[in-house]
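The values are calculated or read from the model by the stated rules, or taken from the named source; none is laboratory data. Everything numeric in this text was worked out from a predicted model, so none of it was measured. So basically every Cβ, Gly included, is an ideal-geometry build from the backbone, and we count neighbours across all protein chains shown. Please note that ligands, DNA and RNA were not included when accessible areas were found on the heavy atoms of the full protein model with its side chains. Shrake-Rupley method; radii C 1.70, N 1.55, O 1.52, S 1.80 Å.
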Amino acid sequence: DIILNYANDIALYLSDDWDINERLKIHGGLRYSMFQQIGPFKRYNNDEFENPIDTVVYDKGENVKFYQGLEPRFTFRYDLKHNSSIKGSFTQNYQYIHLASFATVSLPTDVWVPSSDKVKPQFSTQYALGYFKNFKENQFETSVEVYYKTMKNQVAYKDGAVPADNAGNNVDNAFVFGKGWSYGAEFFVKKRFGKVNGWIGYTLSWSEKQFDELNNGEKFYAKYDRRNDASVVFSYDVSKRVILAATWVYATGNALTLPESRYMIEGQIVNEY
């Protein structure tokens, strides 16, 4: 049977722009988000060995869990001489829908799950700073940006958990919760004048997570860690009606840790990492 979860998602948002002077411009915003899990819903409570203890039943429309939070965001742009500028931003966000992954498996077994009475919303804080400069009467645009993001209430499967139909159980009973970090630098060059146009972009980044119940509590690179990400886009105007275009994309693949050995315990295969 298909297990359905029900929720209400509401948000209010305000923003404004300020021109402090000819060089400095500021944009500020404040978002107030709310998420409510409602019934019909069954919460299966299990012991440490996943044996059922009791079941709590919520009727249709009944409140199960309510979350709320403020999400501020702030950006600025400061124009320098010689067609250049500095831009920076600060953003905080709540995320109420989560992608739960198996930390030790690189298979298409990820599951999207909403926040619940057991799964708290993820919360991130991101800082970014960049330098932008145009050349040859704005024919070429270049930029270098760095960013750093912290993430709370990250979601992953427990060690030893396997995909199941969750009959008589809740999928979030197999989750563990931790924190994460993402940081890196982005480089960009673009030509936007003449018959030959295009851009080159490259990102060098790291994405780490930490769960007390996984990897002996030590940090590890996330499944979707992308060390390198490069893109090249090229176009040539042959005539007013004909354009030739080409695109090349390269990205580091999913992170994967293979077991060093395997052995049997009571007829079950156990991986040794």
TODO: Give the calculated FRET efficiency between TYR236 and ASN51 to the nearest 0.05, with a Förster radius of 51 Å applied to their Cβ-Cβ distance.
DONE: 0.15
Task: Probe 1.4 Å, protein heavy atoms only - accessible area per residue of segment 130-273 in square angstrom - done: 66
Task: Cleavage-rule hits (GluC sites (Glu not before Pro)) in segment 237-273: DSSP loop, at most 14 neighbouring Cβ within 10 angstrom - done: GLU260, GLU266
TODO: Tell me the trypsin sites (Lys or Arg not before Pro) within segment 180-273 that lie in a loop according to DSSP and have at most 16 other beta-carbon atoms within 10 Å.
DONE: ARG192, LYS195, LYS219, ARG227, LYS240, ARG241
Task: Percent of Cα pairs exceeding the 27 Å cut-off, where the set is segment 68-198 - done: 45
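Only Cα pairs under 8 Å and at least 6 apart count here; give the relative contact order of the chain as a rounded whole percent. Kindly include the intermediate steps, with their values, before the conclusion.
Details: 629 pairs, mean separation 29.8, N = 273.
Taking the mean separation of contacting Cα pairs over the length of the chain, I get 11 percent.
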- [ ] Evaluate E = 1/(1 + (r/R0)^6) for VAL144 and GLU213, where r is the Cβ-Cβ distance and R0 equals 30 Å; express this FRET efficiency to the nearest 0.05.
- [x] 0.20
TODO: Could you tell me which of rounded, prolate or oblate describes segment 69-143, using a ≥ b ≥ c as the square roots of the eigenvalues of the alpha-carbon gyration tensor, with rounded for a/c under 1.5 and, failing that, prolate when a/b is larger than b/c and oblate otherwise?
DONE: oblate
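Work out the P(r) tail for the chain: percent of alpha carbon pairs separated by more than 35 Å, whole number.
38
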Task: Rounded D (µm²/s) - segment 185-250, Kirkwood Rh over Cα pairs, Stokes-Einstein at 20 °C, 1.002 mPa s - done: 145
Task: Rg/Rh for segment 1-88, where both radii come from Cα atoms and Rh is the Kirkwood radius - done: 1.34
Open item on the list: Could you identify which residue out of ILE20, ILE86, ILE200 has the top mean-square fluctuation in a GNM of the chain using Cα springs shorter than 10 Å?
Closed with: ILE20
Task: For segment 120-273, alpha-carbon Rg and Dmax in angstrom - done: 22.6, 73
Task: Chain lengthening between SER84 and LYS152 when straightened (0.36 nm per residue, less Cα-Cα) - done: 20.9 nm
TODO: Determine, at each q value in 0.17 (inverse angstroms), the log₁₀ of I(q)/I(0) that the Debye formula gives when each Cα of segment 137-220 is one equal point scatterer.
DONE: -0.79
Open item on the list: Can you give me the distance in nm between label points at LEU30 and TYR131, each placed 7 Å from the Cα along the Cα-to-Cβ direction?
Closed with: 3.5
Open item on the list: What FRET efficiency comes out for ASP59 versus VAL270 if R0 is 30 angstrom and r is the Cβ-Cβ distance? Round to the nearest 0.05.
Closed with: 0.10
